[in-house]
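Read-outs: derived from the displayed coordinates by stated rules, not from any lab. Keep in mind it's a predicted model, so treat the numbers as computed, not measured. Virtual Cβ from ideal backbone geometry, glycine too; neighbours counted across all protein chains shown.
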Amino acid sequence: MPRIPVDARRARIRELLFECETLSVPDLARHFDVSEMTIRRDLDSLAGAGQVRRVHGGALVSERMSFEFDFHERRLRQLPQKQAIAAVAASLIEPGDTLFLDTGTTTLELAQRLKDAAQLTVITTSLAVAATLQFAASVRTILLGGEIRRGSADTSGALTEYLLERLTARVAMVGAEGIDLEGNFYDVDPQLARVAVMMRERSDRTYILCDSRKIGQRALVRSGHLSEVDALITDWELESDKRAALEALGGVNVTLAGRPAEADRQTA
């Protein structure tokens, strides 16, 4: 095969490792048609950056690399739906607002839409949200301190809660890992659930952002009920019987984000 630039080869090694979890130096040398010494230098460089873990005769996926791919995969899952939900959520935010944003790939899509917002303050526990907004000229971003959960990109715990107790916002946009048909919504971690509860309690209005595949499901921790928030914003794929079940509970507002034109083209 034609020789490829060193950076491209190392990027491809990372991709192959994610697919296979472990690879040997001889296998990689044959694959790229380079010497084993070249591959060893590649693996040493990647290991130095924390992207692979060196073992005798080859390399394994590092914990950091596994997290990066997992986060990327989760972010792409139901992406058109998340983007449509984010567009509806963004339309509810006004110049001068202070906004709580918790962690999650849907709230991250909302952050992408807020980069050009006017005179906005965003308070978040998400490192990814903070990184997205850090260069937004008219957005003041406050990243709450606390313990970074292992295998995650967010803060939680006693320090996070201490800081939240001293802050208020006009709007809270929070995610959910599941919503059952009795209107209860759930999180995967007790500390994350506590942070989300505090954000809701300390804001004037709260919206739950959740794509339709999670509706009808439960997760580890019940963190509230849809009757306690202003609206659930979900996507066009929510089945009519599930929407009817939620709206029949009373005091529950379900807002459906419409199918974007790009999604129509992709499925045509």
GNM top mover of 91, 223, 152 - the chain, alpha-carbon springs below 10 Å:
91
Could I have the simple spin-label model distance between residue 54 and residue 227, label points 7 Å from Cα toward Cβ, reported in nm to one decimal?
6.2
With angles folded into 0 to 90 degrees, how steeply does helix 190-201 sit against the dominant principal axis of the chain? Use alpha carbons for both and round to 10.
40
How far, in degrees from 0 to 90, does helix 36-48 lean away from the longest principal axis of the Cα atoms of the chain, to the nearest 10?
30
Dimensionless Rg/Rh of region 185-231, both radii on Cα and Rh by Kirkwood, sits at 0.94
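Take the Cα pairs of region 117-268, get the Kirkwood Rh, then feed it into Stokes-Einstein at 10 °C and 1.306 mPa s and tell me D in µm²/s. It would help to have the intermediate numbers written out before the result.
Working: Rh = 16.6 Å.
It comes out at roughly 95 µm²/s.
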Tilt relative to the chain, helix 63-76 - C-alpha long axis, 0 to 90 degrees, to 10:
50
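Just to confirm a number: summing +1 for Lys and Arg and -1 for Asp and Glu over residues other than residue 246 whose beta-carbon lies under 12 angstrom from that of residue 246, what do you get? Please list the in-between numbers first.
Numbers: positive: 242, 243; negative: 180, 182, 239, 241, 247.
Net local charge, residue 246 excluded: -3.
May I ask you to compute the full-extension gain from residue 92 to residue 220, defined as 0.36 nm times their residue separation minus their alpha-carbon distance, rounded to one decimal in nm? Please list the in-between numbers first.
On the way: separation 128, 0.36 × 128 = 46.08 nm, distance 2.97 nm.
Stretched out fully, the residue 92 to residue 220 stretch lengthens by 43.1 nm.
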Which of 183, 258, 175 fluctuates most in a GNM of the chain (C-alpha springs under 10 Å)? That residue is 258
Fraction of beta bridges assigned by DSSP in the chain that are antiparallel (%, nearest 5):
40
Residue 242: which lysines have alpha carbons under 21 Å from its alpha carbon, excluding same-chain residues fewer than 8 sequence positions away?
82, 214
Among region 76-97, those whose backbone N falls under 14 Å of a label point 7 Å along Cα→Cβ from residue 118 are 93-97
Among 89, 29, 231, whose mean-square fluctuation peaks in a Gaussian network model of the chain (Cα, cutoff 10 Å)?
29
Could you work out, for the chain, what percent of all Cα-Cα pairs fall into each 5 Å distance bin, beginning at 0 Å and stopping at the bin that holds the largest distance?
1, 6, 12, 14, 15, 13, 11, 9, 8, 6, 4, 2, 0, 0
